[in-house]
1. Be a star and scan region 237-269 for residues whose amide nitrogen sits under 19 Å from the point 7 Å along the Cα-to-Cβ vector of R66.
2. For the pair K100 and D232, how long in nm is the line joining their label points, each one 7 Å along Cα→Cβ?
3. List the trypsin sites (Lys or Arg not before Pro) in region 227-291 that DSSP assigns to loop (not H, G, I, E or B) and whose Cβ has at most 13 other Cβ atoms within 10 Å. Which are they?
4. 7 Å from Cα along Cα→Cβ at both N253 and S219: what's the point-to-point distance in nm?
5. Report the charge-dipole magnitude of region 193-291 in Debye, nearest 20, computed about the Cα centre from +1 at each Lys and Arg Cβ and -1 at each Asp and Glu Cβ.
6. Expressed in nm to one decimal, what extension gain is obtained for the pair R173 and I79 from 0.36 nm per residue of sequence separation less their Cα-Cα distance?
7. Under the rule that a partner needs its Cβ under 4.7 Å from the first Cβ, which Cys of the chain have none?
8. Could you tell me which of S159, P10, A269 has its Cα farthest along the dipole of the chain towards the positive end, charges placed at Cβ (Lys, Arg +1; Asp, Glu -1), taken about the Cα centre?
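Taken together, the values in this text are just the output of simple stated rules run on the coordinates, not laboratory data. Only a predicted model underlies this, so the values are computations on that prediction, with no experimental measurement involved. No Cβ is skipped: glycine too gets one built from the backbone with ideal geometry, and neighbour counts run over all protein chains shown.
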Amino acid sequence: MYIGRFAPSPTGPLHAGSLVAALASYLDARAHHGRWLIRIEDVDEARTVAGAAEDIIQTLAAFGMRSDGEILLQSARQIRYSDAFDKLGGAVYACACSRKEIADSRVTLAADGAVIYPGTCRNGLAPGRTPRAWRVRVPAATDPHALIQFDDRWQGLISENLAEHVGDFVLKRADGFWAYQLAVVVDDAEQGVTDIVRGADLLESTARQIYLQRLLGFSTPRYLHVPAVVNDRGEKLSKQTGAQPLDVRNSINALMGAAEHLGLTLSHAPSSVDEFWSLAIPAWGQRFVRT
Ligand code: GLU
């Protein structure tokens, strides 16, 4: 049974970029006659904006997208993340380093410009140091387990060596919140998600997530990463780059714009949201569902 999901962070209203991810995940679930779930990723409570989750859920409904099951809130699931973390045992360790210490200690940068953790606290904290965050060990670059490969249904074969690209990464943050990477893996497994369809800005998080799935004994879903929507300055659309909230009174135009971004060709211009779905679902199915 296909189970897909859309997992927005409630940091602001839905915009044209997040609509593309919602639309692609919804179309893929419908074209596979599967279930589609909404999950609110408010694990980073410091970034959560009051009312944003309700606003996103209402906007999706106005576009015709409703969750086929209970809407999970990550903020209510701390205990699950804590259980998973405990299962990792010796694979995790306490880290006392501040951002500045890490930045000062080594010049190796990851593909996304982040600093690769130099492993200072890997073998225990130096005397007098207090734990700030908790990290998971990744295997040495030459260990075959460090190389994560997956076949993305849009992007093709993706290979990432965790030691070279990421290093030991944070599962519990210095501010006390669970990291997105852990929460997303626990939730996808618990909800039985078989297919993750989301924006390509998360492509480079996927290897970390597959690594955690393996450590926790979860199966790995299939992945499809759709091209991110950028503004005319080439920046990914987000609240920070000034993306405008969607206008639900203009839902057909917004949906058509998102479908066009996904390269879908509809036989004619729909005159209602229902008609949009009746054209877009088979168009997606033709391209992405193997029969
Ligand atoms: N909550 C993440 C975001 O809004 C998406 C997570 C995911 O789809 O895995 O960027």
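1. Residues passing the 19 Å test: 248-249, 251-252.
2. Calculated label separation equals 4.1 nm.
3. Numbers: sites: R233, K236, K239, R249, R287, R290; in loops: R233, K239, R290.
Of the trypsin sites (Lys or Arg not before Pro), the ones in loops of region 227-291 whose Cβ has at most 13 other Cβ atoms within 10 Å are R233, R290.
4. 4.4 nm
5. Numbers: 10 positive and 9 negative charges, 85 e Å.
The calculation lands at about 400 debye.
6. Numbers: separation 94, 0.36 × 94 = 33.84 nm, distance 1.56 nm.
Full extension of this stretch gives 32.3 nm more.
7. Flagged as lacking a Cys partner: C97.
8. The residue sitting farthest along the positive end of the dipole is S159.
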